[in-house]
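Report on the following structure.
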Amino acid sequence: MFAVIKSGGRQYKVSVGQQLEVNRLHVEDGEQIEIGEVLLISDADRSLVGSPFVDDAKVLATVVGPKRGEKLIVFKYKSKKRYRHRRGHRQELTVLTIDDIVAEGKSLLTGKAPSKEAPEDEEEVILTVAPEAAVEEPGEKRSRRRRAAQTEDAGTSESSTEE
């Protein structure tokens with residue numbers, strides 16, 4: 001049993017248990033993702049071909065982690081013009097492990113509907129936002145004179161409110 005999926009503009013032939021390197025995805029390590037762009041699914045007794053994608057089909061994969069591809073040398077050269085540019089490139093990749101192939105709502109591995117692995121401890125994250133006056137942008141520099149004037153103004157307003 002295998003499937004042909006599309007990810008990052010490329011097509012991959014995958015089977016259950018296989019590790020796969022795809023172009024970088026913005027997901028965390030250990031997270032389970034669904035790849036919905038399934039072009040073909042083939043089993044022992046039948047094949048499903050999509051036009052362009054197979055309806056109600058997906059591939060479940062777990063993110064192993066990020067990786068960098070091998071270094072490629074990009075060398076540009078023009079003869080007789082003294083033009084030579086040598087650059088290197090390393091592609092950012094994400095390593096996936098294929099967990100299951102689902103077609104028509106049923107897992108081809110077990111024959112049952114797939115169950116999503118829910119995280120056990122989901123804690124609510126509370127973000128606090130500082131007041132806009134206190135937030136400074138990294139590129140912004142304020143003069144000392146201005147800060148001193150603001151603190152003096154703040155001091156006079158506090159003393160006037162105390163009286």
message = Using 28 Å as the Cα-Cα cut-off, could you pick out the over-long pairs in Lys6/Lys106; Lys67/Lys112; Lys67/Lys106; Lys13/Lys67; Lys6/Lys76; Lys13/Lys76?
response = Lys67/Lys112; Lys67/Lys106; Lys6/Lys76; Lys13/Lys76
note = On the formula 1/(1 + (r/R0)^6), with r taken between the Cβ atoms of Arg68 and Glu31 and R0 of 22 Å, the FRET efficiency rounded to 0.05 is 0.65
message = From the protein chains alone at 1.4 Å, what is the descending order of accessible area for His26, His85, largest first?
response = His26, His85
task = Count the net charge of all other residues whose Cβ sits under 13 Å from the Cβ of Ala57, scoring Lys and Arg as +1 and Asp and Glu as -1.
result = -3
request  = Just report the Cα centroid separation between segment 78-94 and segment 33-73, whole Å.
outcome  = 32
task = Give me the number: length gained by fully extending Phe75 to Lys112, i.e. 0.36 nm times residue separation minus the C-alpha to C-alpha distance, one decimal in nm.
result = 8.1 nm
ask   = With Cβ to Cβ distances under 10 Å as the rule, what net charge do the other residues near Leu109 carry (K, R +1; D, E -1)?
value = 0
request  = List the extent of the Cα atoms of segment 1-89 along each of their three principal axes, largest first, rounded to whole Å.
outcome  = 61, 31, 19
ask   = Rank Thr94, Thr62 by accessible area, highest first, at a 1.4 Å probe radius?
value = Thr62, Thr94
remark   = Both in Å, the radius of gyration and Dmax of the C-alpha trace of segment 46-104 are 20.8, 62
Spacing of the two label points (7 Å from each Cα toward its C-beta) at Arg24 and Arg90, in nm = 1.2
ask   = Can you give the convex hull volume per residue for the Cα atoms of segment 10-62, as a whole number of Å³?
value = 97
message = Can you tally the net charge around Arg68? Count Lys and Arg as +1, Asp and Glu as -1, for every other residue whose Cβ sits under 11 Å from the Cβ of Arg68.
response = +1
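The values are calculated or read from the model by the stated rules, or taken from the named source; none is laboratory data. Just so it is clear, the model here is predicted, and its values are computed rather than measured. Heads up, the Cβs are rebuilt from the backbone with ideal geometry, glycines too, and the neighbour counts pull from every protein chain shown. Accessible surface areas use protein heavy atoms only, side chains included; no ligands, DNA or RNA. Shrake-Rupley method; radii C 1.70, N 1.55, O 1.52, S 1.80 Å.
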